[in-house]
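Report on one structure; see the data block that follows.
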Amino acid sequence: MTRWLAEYAWLPDHAEPTPEVLIEVEDGRITAVAPLVGGGTPTAGVEVLRDATRLPGLTVPGLANAHSHAFHRALRGRTQGGRGDFWSWRDVMYDVAARLDPDSYLALARAAYAEMALAGITCVGEFHYLHHGPDGTPYADPNAMGAALIEAAAHAGIRLTLLDTCYLTATVDGAPLVGAQRRFGDGDALRWAERVSGIAPGNDHARVGAAIHSVRAVPAEQLATVAGWADRNGVPLHVHLSEQPAENDACRAVHGCTPTRLLADHGVLGPHTTAVHATHPTSADLALLGESRTGICLCPTTERDLADGIGPARRMAEAGSPLSLGSDSHAVIDLFEEARAVELDERLRTRRRGHFTPADLCTAATVAGHAALGWGDAGRLAVGDRADLVTVRLDSARTAGVPPVGAFHAATAADVRHVVVDGRTVVADGRHLTVDVPTELRDAIEAVTNR
Ligand SMILES: [Zn+2]
């Protein structure tokens, strides 16, 4: 039994944090959550408090990064200064993709996931499509690259949902994969399913999910194969959707409908599906997503970096889609920044303030993200949930004087002081306990870039 005493804690369904909350943890689960003040009677005796470890600042549930491409961390600062658009950025990204092997992928992902742990992320959804050797030949273990990611998350001390991605074609009209893309492909969706069925995480920290890269990469007649595999196995299904207007135009030209309509017609949408980005939906698309309770993962810092546009977050939520968050290309790994961007981008579009409450932003960053990744027992400071505790300083230069309810509008990843994942301390006093994060990031990135 471990006892923590949070100066403030953000409890489920609360509009703002609660002061002085005792949290008891046993075998990686929360066994008691007891506010010490309010309601009249203290619920814990003095002797109980004496052995509790105090957590100064605001403790929130574990943050879930619902959309990640770990290897994109190598691109930070190397592409932002240039001109161009999503497509020219993608060419640079493919250069790094071409250089990775299972060892260098492990080193880079381990460092990137450890950076996530420092940022308070306790679970990551890795949208993984770097499956095979550079020319498309499978490794001796056809899941060697996925295994590297699972091992990387274990070293970093966070949970992982390996969203193994089906990626078969280069364009909506079925052009074959070329260049760096060749290593993404399994040939067809049946062979993808056969390979993915061979992954056995073998550890409680990792689970397997499915992904359709996009309507560009999986032919319409094979979408149902991937969706059916996810459904039969009861795992989450993710899909990049309408990140760029060009994808919508190409889909209309080939299939006579929007990408969302195409996914709906092939059984891809539903409450276990998460559409990533959905930056350029029509009103009918929003209705299809909302009515099917398809989740939407917004990645605002990537969408701004790649000049994608601003997704209509308020309309998505009103239509019925739960919203989660992802750092995607890792131009920034900071879920506080992703969360407030959902509100702030909506302000830029509408020239009005106040579309999402601070509690809404906390929900998107925590319980909604975990749900999107298939961890329905994480993301809340509640009895029975996984014991993920993320404590944010309220005494840094950024957060001093900030009321606890304002943390999602003021704090940054650098303000995360303490991180507990499944009851185990991973970050203490702002330091990762097992990974020298800056050194490992530098070395791993140097190994796969030109300098
Ligand atoms: Zn992505």
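The values are calculated or read from the model by the stated rules, or taken from the named source; none is laboratory data. Just so you know, these numbers come straight off a predicted model, no measurement behind them. So basically every Cβ, Gly included, is an ideal-geometry build from the backbone, and we count neighbours across all protein chains shown. Remember, those area values only see protein heavy atoms, side chains included, never the ligands or the DNA or RNA. Shrake-Rupley method; radii C 1.70, N 1.55, O 1.52, S 1.80 Å.
For residue 208, nonlocal amide neighbours, meaning residues 5 or more places apart or on other chains whose placed amide H falls under 5 Å from its own, are 162. D by Stokes-Einstein for segment 198-246, Kirkwood Rh over Cα pairs, 4 °C, 1.567 mPa s: 106 µm²/s. Solvent-accessible area per residue in the chain equals 38 Å², computed with a 1.4 angstrom probe and all protein chains kept.
Which of rounded, prolate or oblate describes segment 71-153 when judged by the alpha-carbon gyration tensor and an a/c cut-off of 1.5?
Values: a/c = 2.33, a/b = 1.12, b/c = 2.07.
Verdict is oblate for segment 71-153.
To the nearest Å, what is the center-to-center distance of segment 241-258 and segment 1-30, using C-alpha atoms only? Each part reduced to its Cα centre gives a spacing of 46 Å. Evaluating 6.51 cos²θ - 1.76 cosθ + 1.60 at θ = phi - 60° for every residue in segment 85-98, the Karplus couplings come out as 8, 3, 6, 6, 4, 4, 4, 5, 4, 5, 4, 5, 4, 6 Hz, glycine and proline recorded as x.
Under the Kirkwood approximation for Rh and a Cα-based Rg, what ratio Rg/Rh is obtained for segment 1-139? Display every interim value, and only then the final one.
Details: Rg = 22.1 Å, Rh = 18.8 Å.
Taking Rh as the inverse mean 1/r over Cα pairs, Rg/Rh reads 1.18.
With only Cα atoms counted, segment 91-242 has Rg and Dmax values of 14.8, 42 Å.
A simple spin-label model places the labels of residue 14 and residue 450 5.2 nm from each other, with each point 7 Å out along Cα-to-Cβ. Counting only heavy atoms of the protein chains and using a 1.4 Å probe, residue 139 has close to 60 Å² of accessible surface. The protection proxy used here, the mean number of other Cβ atoms lying within 10 Å of each residue, ranks peptides 261-268, 434-441 as follows, highest first: 261-268, 434-441. The length gained on full extension between residue 409 and residue 31, counted as 0.36 nm times the residue separation minus their Cα-Cα distance, comes to 133.1 nm.
Subtract the Cα-Cα distance of residue 47 and residue 197 from 0.36 nm times their separation in residues, and report this length gain in nm to one decimal.
Values: separation 150, 0.36 × 150 = 54.00 nm, distance 5.07 nm.
Using 0.36 nm per residue and subtracting the Cα-Cα distance, I get 48.9 nm.
Normalised by 2.2 N^0.38 Å, where N counts its residues, the alpha-carbon radius of gyration of segment 332-413 equals 1.18. To the nearest 10, the accessible area of residue 348 is 130 Å² with a 1.4 Å probe.
Taking a temperature of 37 °C and a viscosity of 0.692 mPa s, what whole-number D in µm²/s does Stokes-Einstein yield for segment 304-378 with Rh from Kirkwood over alpha carbon pairs?
Values: Rh = 13.0 Å.
Translational diffusion coefficient: 252 µm²/s.
Per atom type, segment 238-379 shows carbon and sulfur on 52% of its accessible surface, probed at 1.4 Å.
Computed from the Cα positions only, the extents of segment 166-300 along the three principal axes stand at 43, 34, 28 Å, in decreasing order. When the Cα atoms of the chain are aligned to their principal axes, the ranges along those axes come out at 69, 46, 45 Å in descending order.
Measuring only protein heavy atoms, the 1.4 Å probe finds residue 29 accessible over about 80 Å².
Kirkwood hydrodynamic radius computed over segment 283-422 comes to 15.9 Å, based on all pairs of distinct alpha carbons. Counting protein heavy atoms only, segment 100-157 has 59 percent of its accessible area on carbon and sulfur, 1.4 angstrom probe.
If the only charges are +1 at each Lys and Arg Cβ and -1 at each Asp and Glu Cβ, what is the size of the charge dipole of segment 222-267 around the Cα centre, to the nearest 20 debye?
Roughly 120 debye, rounded to the nearest 20.
At q = 0.22, 0.27 Å⁻¹ the log10 of I(q)/I(0) for segment 109-163 amounts to -0.77, -1.00, computed by Debye summation with a single uniform scatterer per C-alpha, solvent ignored.
Whole-percent P(r), segment 148-215, all Cα pairs, 5 Å bins from 0: 4, 16, 23, 20, 16, 12, 7, 3, 0.
Just check segment 368-451 against the gyration tensor rule for me: Cα atoms, a ≥ b ≥ c as the square roots of the eigenvalues, rounded for a/c under 1.5, and otherwise prolate or oblate depending on whether a/b exceeds b/c. The shape class here is oblate. The relative contact order of segment 147-191 comes to 30 percent, based on Cα pairs under 8 Å that sit 6 or more residues apart.
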